[in-house]
Amino acid sequence: MNSTLGKTTLGVLAAGALAFSLAACSTPAAEEPAESSSSASPESTEAPDPTAVIDELGGVDTQVTLDQGFLDAITSLGLTPGVVGTATLTDGVLAFPITGGNVEYWDPDLGYRPYVQGSIEHDGSGISLSAGGTTVELTDFRIDPGTSELFGTVTANGEEVGQDILIFSLNGRTLNPLQEGPNGEAILQGTEVYVSEDAAALLNDTFGTDAVVGGRDGLLVGVAQITAVPAE
């Protein structure tokens, strides 16, 4: 990786370690990585200078490879998954284009926490779940790498339920080492993804079930991969 791209994408990749989530999971001891915990505080009241700052992200996308157990589970519930806007679903892989955001990254050895802060945005795309004449859409995802949480807009049959709702959380302990794409893209793969307890309650209420389990003790839905470049 060339030095310019390596420096500017460092924060993106660290953010990717915390990055995307999509439903409940059954992994053992699925605790949030200590380095991504929002409860960890810097030792001093003033933040040290960040190691890397990316003022504007330029893409490319966040992908989630869906687990067969998740697909079997939503089928058993009579739910039909779909995509919204610029999202795609191809051969069991969901993809959401990165449309903007920013990242600040601190060397973890400095002791400053959370050592990745910022926002990773996916405007104009999302997923849908439909059953019995009801369709719920989850769109305009915004990842907060400092808290390992993903927020978004929720609508039901075209009526907005709310914006900036906590939808997904993640587990970065399964993250693989950084890779570089053929065109210098920064690639980080392996984060398991889960539905939040709030989102699970909303889906259960909307579809009249209690089968959607929130948090990190439920059904593994997929594994995330972030491919990112800074804006030119």
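The values are calculated or read from the model by the stated rules, or taken from the named source; none is laboratory data. From a predicted model like this one, the values you see are computed outputs, not experimental measurements. So basically every Cβ, Gly included, is an ideal-geometry build from the backbone, and we count neighbours across all protein chains shown. To get the accessible areas, we keep the full protein, side chains included, count just its heavy atoms, and leave off ligands, DNA and RNA. Shrake-Rupley method; radii C 1.70, N 1.55, O 1.52, S 1.80 Å.
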(message) I'd like the full set of residues that are open to solvent by less than 20 Å² (accessible area, probe 1.4 Å) and either of a type in the set (Val, Ile, Thr) or free of Cβ contacts under 8 Å to residues at least 40 places away in the same chain (or both), limited to segment 140-152.
(response) Ile143, Gly152
(request) Tell me which residues, restricted to segment 203-232, are among the hydroxyl-bearing types (Ser, Thr, Tyr), over 14 Å from Gln63 (Cα atoms) and either crowded, with 18+ Cβ neighbours inside 10 Å or in contact with a Gly (Cβ under 6 Å, 6 or more places away or on another chain) (or both). (result) Thr206
(request) Could you list, in sequence order, all residues of segment 98-139 that are touching a residue at least 12 places away in the same chain (Cβ under 8 Å), among the charged types (D, E, K, R) and either out of contact with any helix residue (DSSP H, G or I) (no Cβ under 9 Å at 6 or more places or on another chain) or closer than 30 Å to Gly78 by Cβ (or both)? (result) Asp107, Glu121, Asp123, Glu137
(request) Working only within segment 188-202, note down all residues that are surrounded by fewer than 21 Cβ atoms within 10 Å (Cβ to Cβ) and touching a strand residue (DSSP E or B) at 6+ places or on another chain (Cβ under 7 Å). (result) Gln189, Gly190, Asp198
(request) Consider Pro48 carefully, then state whether it is more than 30 Å from Thr155 (Cβ to Cβ) and at pLDDT 90 or above. (result) yes
(message) Restricting to segment 46-58, give me the number of residues that are surrounded by 15 or more Cβ atoms within 10 Å (Cβ to Cβ) and under 25 Å from Phe168 (Cα atoms).
(response) 3
(message) From the list Glu159, Glu121, exactly one residue is modelled with pLDDT of 95 or more, under 28 Å from Ala47 (Cβ atoms) and of a type outside the set (Val, Ile, Thr). Which is it?
(response) Glu121
(request) Can you give me the number of residues within segment 205-232 that are of a type in the set (S, T, N, Q), in contact with a Ser or Thr (Cβ under 8 Å, 6 or more places away or on another chain) and outside any strand (DSSP E or B)? (result) 1
(request) For segment 78-112, name all the residues that are hydrophobic (A, V, I, L, M, F, W, C), within 20 Å of Leu220 (Cβ to Cβ) and surrounded by 15 or more Cβ atoms within 10 Å (Cβ to Cβ). (result) Leu79, Leu94, Ala95, Phe96
(request) Counting only residues that are in contact with an Asp or Glu (Cβ under 6 Å, 6 or more places away or on another chain) and among the hydroxyl-bearing types (Ser, Thr, Tyr), give me the strands (runs of 3 or more DSSP E) lying completely in segment 62-179 with at least 2 of them. (result) 149-156
